[in-house]
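Have a look at the structure below before the remarks.
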Amino acid sequence: MTLPPRPRLPKVGEADERVWIFDLDNTLYPASSNLFDQVDQRMQAFIVEHLKLPPDQAKATQKHFYRTYGTTLRGLMEVHGMAPEIFLDYVHQIDLTVIAANPALDQALAGLVGRKLIFTNGSVQHAENVMSRLGIAHHFEIIFDIAAAGYIPKPDRASYDLLLQRHAIDATKACMVEDLPRNLVPAHAAGMTTVLVSGNHELTEIDAEGPHIHNRT
């Protein structure tokens, strides 16, 4: 992955201050693998089982929560008082063989000088499982997952501020890489450089254009 330089990134002598913040799903692996589709289906199955809804209504409920609250989990917590651990364990029981080791990505990440973090609305366990399959786990010092964010998902600005504060990140020296344009709005507002990984997700039309997108790949 080749990222064009941005004016706000530090000079070569300050390169160790750079921070690269990566989303996980459909960003570090190709959306064409349909891995997240498995998670999506597990979410709907969870709603069928725990809310006792028919499949079509469960799907509609899941999509409503996703769009309204940022994640299906947040909607379940807010509306139904759902325990997050039960949900996360259930939805991440998926087949990871659809993604394989990616030496090119490994090499590209090695070429990015500075700290590297994962910022995901998923769980640490899911992130570790995916990165293990890709062969890139050794590049990342931190996984800032939904639990670390206090179950406040992207694109809520509060989760970004918590990430920056907790890990002593200067937003003006940070670059965030993400497949959902709306998740780059608060990153830009905080002062980060942004990179949009183009995809065909159901939410890619939201905030698809604007000053919050500095680079595309």
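Taking the convex hull of the Cα atoms, report for segment 89-211 its projected area averaged over all directions, in nm².
Values: hull surface 32.0 nm².
The number I arrive at for segment 89-211 is 8.0 nm².
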Q.
Between segment 180-217 and segment 107-163, how far is it from one alpha carbon centroid to the other, in angstrom?
A. 17
Q) Where does the longest stretch of the chain lie that holds no trypsin sites (Lys or Arg not before Pro) found in a DSSP loop with 15 or fewer other Cβ atoms within 10 Å? A) 53-217
Q: May I ask you to list, by number, the DSSP H helices of the chain whose Cα span along the axis is at least 18 Å and whose average Kyte-Doolittle hydropathy reaches -1.0 or more?
A: 35-51
Q. Along the positive direction of the dipole of segment 23-73 (beta-carbon charges: Lys, Arg +1; Asp, Glu -1; about the Cα centre), which of L24, T72, F36 reaches farthest?
A. T72
Q: Return the ratio Rg/(2.2 N^0.38 Å) for segment 81-127, where Rg is computed over Cα atoms only.
A: 1.56
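So what is the calculated 222 nm ellipticity per residue for the chain, using -39500 (n - 2.57) for each DSSP H run with n of 4 or more, over all residues, to the nearest 500 deg cm²/dmol? Don't jump to the answer; show the numbers that get you there.
Numbers: 8 runs with 84 residues, N = 217.
Rounded to the nearest 500, the figure is -11500 deg cm²/dmol.
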Q) What residues of segment 127-147 lie in the reach of a label at E85, counting those whose backbone N is under 16 Å from a point 7 Å from the Cα along Cα→Cβ? A) 146-147
Q: Can you find, among V113, V98, H126, the residue farthest towards the positive end of the dipole of segment 4-159? Put +1 on the C-beta of Lys and Arg, -1 on that of Asp and Glu.
A: V113
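Treating only the Cβ of Lys, Arg, Asp and Glu as charged (+1, +1, -1, -1), what charge dipole size does the chain show about its Cα centre? Round to the nearest 20 debye. Kindly include the intermediate steps, with their values, before the conclusion.
Details: 19 positive and 26 negative charges, 83 e Å.
Around 400 debye, computed over the chain.
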Q: Return a single number: how many Lys pairs in the chain, at a sequence separation of 8 or more or on separate chains, have alpha-carbon atoms below 24 angstrom apart.
A: 8
Q: Kindly state, to the nearest 0.05, the FRET efficiency for E49 paired with A168, given R0 = 30 Å and r defined as their beta-carbon distance.
A: 0.10
Q: Express the accessible area of the chain per residue in Å², computed with a 1.4 Å probe while the remaining protein chains stay in the model.
A: 45
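Given an 8 Å cut-off on Cα distances and at least 6 residues of separation, report the relative contact order of the chain as a percent. Could the numbers behind the result be given before it?
On the way: 333 pairs, mean separation 52.8, N = 217.
Relative contact order, the chain: 24 percent.
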Q. Among the GluC sites (Glu not before Pro) within segment 132-217, which fall in a DSSP loop and have no more than 15 other Cβ atoms within 10 Å of their own Cβ?
A. E141, E202, E205, E209
Q) According to a simple spin-label model (label point 7 Å from Cα along Cα-to-Cβ), what is the distance in nm between T68 and N200? A) 3.0
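Which percent of the accessible area of the chain is formed by carbon and sulfur heavy atoms (probe 1.4 angstrom)? Write out the running numbers ahead of the final one.
Values: 5140 of 9850 Å².
Carbon with sulfur: 52 percent of the solvent-accessible area.
The values are calculated or read from the model by the stated rules, or taken from the named source; none is laboratory data. Just so you know, these numbers come straight off a predicted model, no measurement behind them. Because the Cβ atoms are built from the backbone with ideal geometry, glycine has one as well, and the counts that use them run over all protein chains shown. Heavy atoms of the whole protein, side chains included, go into the accessibility calculation; ligands, DNA and RNA do not. Shrake-Rupley method; radii C 1.70, N 1.55, O 1.52, S 1.80 Å.
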